[in-house]
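Worksheet: the structure to be examined is printed underneath.
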């Protein structure tokens, strides 16, 4: 079952050209005949997991086993045709990689694809594969799904095994996936969640007022009709602010928790190897190092408040809707200081699901200036199937392709 | 006069293999028949100056003119045979370069050559050239001279033109050079300082007690007989502490001043390019960014005190002697955390001359465990010729080869 081959013809720079990881799907499963790609943080037995950084790759042995998620998909019949680019060590939200280049966004020429699951999103959006595995720690599936116009899920934390994955911050890391079609998205979800995706729907929709305020006017205008149609489909709806103070406070707390944990994961390797990294990624690692234990303690206490607030809000099969990203996919060529304010707005929208470990799905149902605009639904932890089933059903009812 | 050729055969990884900068010496000068190399921060017309970082190199045009120091040497008859490796953007004191590799130290196998003028020191120590240009901002000539057993000078700040050089922190940057032989060292100095090196000697020797305390016992023991012979040669001598509190305070102040200035030099390029750097160099850049204006103001005020103290001490043709480096050349393979305490001890010994802009010469006159140990002399600003002349004379009198 384990063969090697050249990566697919790749006009999008989505695939790792130095990896020949290829796994023929097993016969007769629910995903038979489908092809997929996996972000180069998933182990494939006999291959070195690159993680988007050449010095990481050079310092790792070949994997002794294949990651659980990859095994599950291959076992269900899907064929893995290659590994895809990631932001360095999954640190990044735009899809930029200084070593391997930034994959093209086939839905938004001249724009970034989003990251860190950049190559997986580009490969699916460009039709190079049927679906792809990404991962989401701080938005790394949701943001590229939004920028590339794809269905993408950050599942409930802990729902899908992280076994055989390069971790960033295990308390927040999740397996995620992309597809162009909500039916196929659900079929893949069924395999990864090891459950059937039966029809289900939320009972109430809460429009996250403060999250919409973070977004550009163009994004808000594009999403308005989608939100209205969803509200009428669900029946009960309302507008509420998520954060008692500000989403930027929630984002700051999540940064403290995740970045300090992420530093613990890499610090020994960094100390030993003095690896080459893009300046921005080194800066990101060091920001985790500079966090004090007192700051972590405060941020962990704050987390409890976010969890309590969201538990109340999401009770009774409620879903919260918000823009997945505050902007359209930004231009590929920007300075670090141009990117910084936008990145911190993104985190204000991605932090909530990460903080509470809840599932969040991107619905690629809007556009502005001809570019994809994603709407997100967050549901209570454990409601992954409901989100996926509702996306499938709503797409059909609302006649979204 | 401007030809290109392959870099010299290079068993030491001293030379930039991607540069063919070669300048035939002019006929009949004082350096006729000699060969030299220049650290890859010196411009050579028509060639891109690499600065030890591939992303820097890729973002620069070819130089429109040759650096003043290179022109002066070629004009005096010496032939430049190639460019040599440097720590990235001259940031580093050990000679380690994550992109191009660390040059070998021919005098200390398995040890680093010192840096940032690593390739120049290695090339001279290995006999690949007669002499070589380096630069010294925080010790980048003095430390490799000590580790590789060479004569090396950090001149008075401002004595030798920086024109056509990649700068690190212009208030502290200096042109420096290496040679194996004190006579040749003086001949090169005569060209670079544009003066004759006539016999001259100090009138008093001060042994810097606190500087010796920073050094390993082995280094102190190795230097003791050299200091005694120098003291008897000079006649008048004494022991004094340089710093009223601690050399680590002086080092901290110099770090604040130089690193904040160095950040200003690179910040726009970094913002635009998000370049790849080794983690340690990125960390070094960011430490400059984190300095506050208040810290700079305090450190600049402190500098005045160091200058006043050293002005008193160096008056009347006094020289201060101290170990150039606190240790033997350290092993090539160390973790970042193993290197850090040693690097900060080095800065305690290199900071004084940098802070006051004074000349400091490394005299390669001792060894321990078969490895080079350098003694330094610091003289008052403007006393470059005296240091060079005295080194030449003392080597003869003391019968040091």
Legend entry - Efficiency of FRET from Cβ geometry, residue B:228 and residue B:369, R₀ 25 Å, rounded to 0.05: 0.75
Inset, instruction - Under 1.5 on a/c is rounded, so check that first for segment B:173-270, then, if it is not, pick prolate when a/b is larger than b/c and oblate when it is not; a ≥ b ≥ c are the square roots of the alpha carbon gyration tensor eigenvalues. - result: oblate
Inset, instruction - Could you work out, residue by residue across B:269-275, how many beta carbons of other chains sit within 10 Å of that residue's beta carbon, and then give the average as an integer? - result: 6
Legend entry - Residue order, fewest to most beta carbons within 10 Å, for B:187, B:229: B:229, B:187
Inset, instruction - Arrange A:212, A:185 by Cβ neighbour counts within 10 Å, fewest through most, would you? - result: A:212, A:185
Inset, instruction - State, to one decimal in nm, how far the label point of residue A:62 lies from the label point of residue A:11, with both points 7 Å from Cα in the Cβ direction. - result: 3.4
Legend entry - Cα-only radius of gyration and Dmax that characterise the protein assembly as shown, units Å: 31.2, 100
Inset, instruction - For a footprinting-style exposure proxy, rank B:317, A:130 by other Cβ within 10 Å, fewest first. - result: B:317, A:130
Inset, instruction - Just subtract the alpha-carbon distance of residue B:18 and residue B:399 from 0.36 nm times their residue separation and send over the number in nm, one decimal. - result: 133.0 nm
Inset, instruction - Please identify which residues in segment A:363-401 have an amide N closer than 19 Å to a label point set 7 Å out from the Cα of residue A:203, following the Cα→Cβ vector. - result: A:378-391
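Determine the equivalent ellipsoid of segment A:52-155 by diagonalising the alpha-carbon gyration tensor, then write out the semi-axes as square roots of 5 times the eigenvalues, largest first, rounded to whole Å.
Values for segment A:52-155, descending: 21, 18, 12 Å.
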Inset, instruction - Compute the label-point distances linking residue B:317 to its equivalents in the other copies; points lie 7 Å from Cα along Cα→Cβ; give nm, one decimal, shortest first. - result: 9.9
Inset, instruction - Subtract the Cα-Cα distance of residue B:267 and residue B:161 from 0.36 nm times their separation in residues, and report this length gain in nm to one decimal. - result: 35.8 nm
Legend entry - Residue-averaged beta-carbon neighbours from other chains (10 angstrom radius) around A:278-288: 5
Inset, instruction - Figure the gain on full extension for residue A:27 and residue A:221 (residue separation times 0.36 nm, minus the Cα-Cα span) and round it to one decimal in nm. - result: 65.2 nm
Legend entry - Copies compared at residue A:398 - label distances in nm, ascending, label defined 7 Å from Cα in the Cβ direction: 8.3
Legend entry - Distances in nm from residue B:343 to the matching label points in the other copies, shortest first (labels 7 Å along Cα to Cβ): 2.2
Inset, instruction - Evaluate chain A: find the radius of gyration of its Cα atoms, find its Kirkwood radius, and give the ratio Rg to Rh. - result: 0.94
Inset, instruction - Provide, as a two-decimal number, the C-alpha radius of gyration of segment A:256-401 over 2.2 N^0.38 Å, N being how many residues it has. - result: 1.27
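Rounded to the nearest 0.05, what FRET efficiency do residue A:236 and residue A:344 give with R0 = 30 Å and r taken as the Cβ-Cβ distance? Could you check?
The calculated FRET efficiency here is 0.35.
Counting only other chains, what is the mean number of Cβ atoms within 10 angstrom of the Cβ of each residue in peptide B:49-57?
Taking all residues of B:49-57 together, the mean is 1.
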Legend entry - Chain B residue with Cβ closest to the axis mapping B onto A, distance in whole Å: B:282, 2
Inset, instruction - Using DSSP, restrict attention to beta bridges with both residues in chain A and report what percent are antiparallel, rounded to the nearest 5. - result: 65
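Throughout, read-outs are computed from the coordinates displayed, never taken from laboratory work. Just so we're clear, the structure is a prediction, and the values are computed from it rather than from any experiment. All Cβ positions, even for glycine, are placed from backbone atoms using ideal geometry, and neighbour counts span all protein chains on display.
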